[in-house]
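Worksheet: the structure to be examined is printed underneath.
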Amino acid sequence: MAARVLQVDPVAPAPAVIAEAAAVLRAGGLVAFPTETVYGLGGNAIDDAAVARIFAAKGRDPSDPVIVHLADRRDLGDLVRELPAPAQLLAARFWPGPLTLVLPRAERVPPRVSAGLPTVAVRVPSHPVARALIAAAGVPVAAPSANLFGRTSPTTAAHVLADLGDRIDVVLDGGPTPAGVESTVVAFEGEEVVVLRPGATPVEELSRCLAEAGFRPPRLVERGPQAGSPGLLARHYAPRVPLVLLRGPERERLQWLRAALAARPDRRIGLLLSDEELRALSPLAPEHRARPLGPRSHPEVAARRLFAAMRELEAEGVELIYATDPDPAGLGLAVADRLRRAAEEVVEVGRTQEGS
Ligand code: TXA
Ligand code: MG
C-alpha cells in the first residue's frame with residue numbers, strides 16, 4: 001500500500017497533522033519524518049514488532065543498531081542504565097540537536113533496537129516536526145535514516161517516497177532537511193569520548209565543550225577495516241553509479257579532472273565539486289553534468305546538498321561521478337566521510353607516496 005503523505009509546516013507543525021501521525025506510531029505503524037539532519041523512518045522503540053517492521057522496510061541487516069529519538073532529555077532515564085559525566089555534559093550542551101550518544105541500554109529497550117548490543121544510541125532532535133511528533137506519540141521513537149539499505153540518506157520527502165513509498169504508512173513532508181548529513185555519533189569508554197561517526201555536530205564543538213570541563217578531546221575512530229586506505233572501500237552511502245573521489249592538492253586535482261574530462265567529452269559524467277573548482281573547469285562539455293557543492297570555505301553548504309545531488313545525478317543518467325575531498329574542518333569532516341563511503345575508487349593525486 002502507498003504511504004499517506006501529510007504536508008506539514010516545518011516551523012509550526014499543525015497539531016492535527018502531528019496527532020494523526022502520532023496515532024499511527026502508537027498503533028505500531030511506521031512514520032517517516034523530517035529531522036534537522038535527514039528524514040528518519042520512525043517506529044515505537046519499545047514495541048518490538050514495530051522495530052522489526054523498520055528493519056524489514058529498509059532491508060536493514062539485523063546486526064546494525066538504530067537510534068532512539070526522544071522529545072526531551074528528561075526521558076532518558078527510562079532507556080539507559082547510566083550516564084557517564086562527559087555524556088551528561090554533552091547532552092546538556094548539544095540537545096536538542098544532531099548529536100547521538102551511545103549509552104548502556106536499560107531493560108525496557110528491546111534488544112532488537114540495539115542489534116543485541118548492551119548499549120543503545122539516543123538523541124533528542126531539534127527539528128520542530130520531529131519534536132512535536134515524538135511528544136505527541138508519548139513513546140521513544142526508533143528511527144534510522146529513511147532510505148533503503150545501502151542508499152544515500154533522504155533529505156526530502158520525495159527521496160523517502162522513492163525508496164520506501166510502498167513499505168511505510170505515513171510520510172510527514174516538512175520540506176528539505178536543514179543539515180543534510182546525519183547526526184554525529186559518540187560513545188564513551190570510561191572518561192574518553194569516541195566519535196563513531198562524524199556528522200552534523202562538528203567535532204571541534206565537542207572538543208571545545210569537553211575541554212572547558214577538563215575532559216580530553218574526543219578520539220576519532222576510522223570506520224570500516226579499509227576506511228583509512230585508498231582503493232576499494234566498504235561502500236555504504238552509495239549512489240547507483242560509480243563515484244571516483246579525488247584527494248590531494250587542489251592544483252593537481254584540477255589538472256587530473258581537466259585531463260579526464262577532455263579525454264571523454266562524449267561521456268555523461270557527473271561532477272560533485274566546489275563552486276571554485278567548477279569555475280576553474282568551465283566551460284564544461286554539454287554531456288558533463290555539474291552539481292555545485294558551494295564555496296570550499298562553507299562545507300555546511302556541501303553537507304546540505306550532497307545526498308540530493310547524488311540522487312539528481314543518478315536520475316540524469318550519468319555513468320560516472322567525480323568528486324573531490326573537502327577540507328576536513330567543521331561539517332567538512334562529515335562530508336569527507338560520506339564521500340569516502342560512497343566512493344568506488346579513491347584516487348590520490350600529486351603525491352609520491354600512496355596513503356601518506
Ligand atoms: O541524524 C541521524 O542520526 C539520523 C536521523 C534520522 O536521526 N539517523 C540515522 O540513523 O542516521 P542510521 O540508522 O542511518 O544510523 C545510525 C548509526 C549507525 O552508524 C549505527 O551503527 C549507529 O548509529 N548506532 C546505533 N546504535 C548504536 C550502538 N548501540 N552502538 C554503536 N553504534 C550505534
Ligand atoms: Mg542510515
For this session: Taking the options ARG131, ARG151, name whichever one is touching a residue at least 12 places away in the same chain (Cβ under 8 Å) and either within 16 Å of ligand 2 (Cβ to nearest atom) or open to solvent by less than 20 Å² (accessible area, probe 1.4 Å) (or both).
Result: ARG151
For this session: Give me a count of the residues in the stretch 214-241 that are at pLDDT 95 or above and open to solvent by less than 50 Å² (accessible area, probe 1.4 Å).
Result: 2
Seminar exercise, completed: Condition set modelled with pLDDT of 95 or more and open to solvent by 60 Å² or more (accessible area, probe 1.4 Å), scope the stretch 190-213, selection farthest from VAL66 (Cα to Cα): answer is GLU212
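Where in the stretch 145-200 are the strands (runs of 3 or more DSSP E), entirely inside, with at least 2 residues that are of a type outside the set (Ser, Thr, Tyr) and within 12 Å of ligand 1 (Cβ to nearest atom)?
184-189, 192-197
Filter the stretch 56-88 for residues that are within 16 Å of ligand 2 (Cβ to nearest atom) and surrounded by fewer than 21 Cβ atoms within 10 Å (Cβ to Cβ) and give the result. Steps first, answer last, please.
Keep residues of the stretch 56-88 that are within 16 Å of ligand 2 (Cβ to nearest atom), which gives 56-69.
Once the filter is applied, which keeps residues that are within 16 Å of ligand 2 (Cβ to nearest atom) and surrounded by fewer than 21 Cβ atoms within 10 Å (Cβ to Cβ), the stretch 56-88 yields ALA56, GLY59, ARG60, ASP61, PRO62, SER63, ASP64.
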Exercise. If ALA49 satisfies every condition in (1) more than 12 Å from ligand 1 (Cβ to nearest atom); (2) in contact (Cβ under 8 Å) with a residue 24 or more places away in the chain; (3) of a type outside the set (S, T, N, Q) but one, which is the exception?
Worked result: (2)
For this session: Taking the residues in the stretch 9-31 that are surrounded by 14 or more Cβ atoms within 10 Å (Cβ to Cβ) and touching a Pro at 6+ places or on another chain (Cβ under 8 Å) as candidates, determine which candidate is nearest to PRO144 (Cα to Cα).
Result: PRO10
For this session: Select from the stretch 310-321 the residues that are surrounded by fewer than 24 Cβ atoms within 10 Å (Cβ to Cβ) and within 22 Å of GLU250 (Cβ to Cβ) and list them in ascending order.
Result: LEU320
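Out of LEU272, LEU306, I need the residue that is surrounded by 16 or more Cβ atoms within 10 Å (Cβ to Cβ) and part of a strand (DSSP E or B). Which one? Lay out the reasoning, then the answer.
Values: LEU306 fails: part of a strand (DSSP E or B).
Of LEU272, LEU306, the one residue that is surrounded by 16 or more Cβ atoms within 10 Å (Cβ to Cβ) and part of a strand (DSSP E or B) is LEU272.
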Seminar exercise, completed: Scanning the stretch 309-328 for residues that are touching a Ser or Thr at 6+ places or on another chain (Cβ under 9 Å) and either part of a loop (DSSP other than H, G, I, E, B) or among the small types (Gly, Ala, Ser) (or both) gives PRO326, ASP327
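The values are calculated or read from the model by the stated rules, or taken from the named source; none is laboratory data. Just so it is clear, the structure is predicted and the values come from calculations on it, not from any experiment. Heads up, the Cβs are rebuilt from the backbone with ideal geometry, glycines too, and the neighbour counts pull from every protein chain shown. For the accessible areas, the whole protein counts, side chains as well, though only heavy atoms, and no ligand, DNA or RNA atoms are used. Shrake-Rupley method; radii C 1.70, N 1.55, O 1.52, S 1.80 Å.
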